[in-house]
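Contents: one structure, followed by commentary.
Any read-out appearing in this document is the output of simple, stated calculations on the displayed coordinates, not a laboratory observation. Remember, predicted model here, so these are calculated numbers, not experimental data. So basically every Cβ, Gly included, is an ideal-geometry build from the backbone, and we count neighbours across all protein chains shown.
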Amino acid sequence: MGESPSLPQHDAANADSRKQRLYASRQQYQYDHDYLSPIAMLFIPHGWPPSLAEDVVGPLRDLPEAEQVSPTYLYPRWAPAFSTLPANVASIHVTEGGLPAYAQLFPLLLPPRSITRWQDDDYFAYQRLNGPNPMVISQVRRRNELPDQFAVTDALFQRVTGGRATLADEIAEGRIFLTDYALLAPAQGIHTFPDPEDPKRTTTRYLAAPFGLFWWNPATARLEPIAIQLERVPGEQNPVYTPKDDPGRGSGPRSSSRQRI
């Protein structure tokens, strides 16, 4: 007969058994804090070079028993994509540049939602929490946590939200959130690269280090974008963009901020 579950302070009779189980679990659950910092990943040794067997199937096989995923769960979810992938690759025929070229990479597979919704303010905010990197956004707990270089004001906030509350009011309610790409500041500027289509030529790209301000709207229970500032120093050449601006004016900053994700 198994032991009944209990809190540590209530199981003096099973203290040794609990210590043994805890030790065994700690041997199974060892975390790698460097692989995808700041996320702690369950550490599973693997070889080099990477391989499908060892780096995809292996980790699933070697997970602690309580975390293992049954093949009967995975197969119906993976099989359609893998069976369609070769035909999709063979059907790719890119005839345009820019975003249309990206859409043409999915002639058979279902394209990502971002293809049609990347300019959608709601989806832009959604990606801060559910995109590839949800670790940048942070809650602003005090007014002085908003960087001095980020030129957002109460007037701007009220114009976007249509309310009378100030930033300090909403910060006190825990509804203001910030994305700050300060780590990119040393590399901000224009960079030159070889043109992938013609190595004899060069192409340029601009790397921004933006700020983003987001607000949890209690009326809609959704996170909403309030403002984006692309560069670190405010000024006439570095304005603050909001959802109230002309859509064409805001699409570039929105795209640039998203690319930092």
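So how do 204-216, 96-108 stack up, highest first, on mean other-Cβ count within 10 Å?
Details: 204-216: 19.2, 96-108: 12.5.
Ranked from most to least packed, the peptides come out as 204-216, 96-108.
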*Quick one: what are the phi-derived ³J(HN,Hα) couplings along segment 128-141, Karplus 6.51/-1.76/1.60 with θ = phi - 60°, whole Hz, x for glycine and proline?*
5, 9, 10, x, x, 9, x, 8, 7, 5, 9, 6, 8, 9
*Could you line up 70, 138 from fewest to most neighbouring Cβ atoms inside 10 Å?*
70, 138
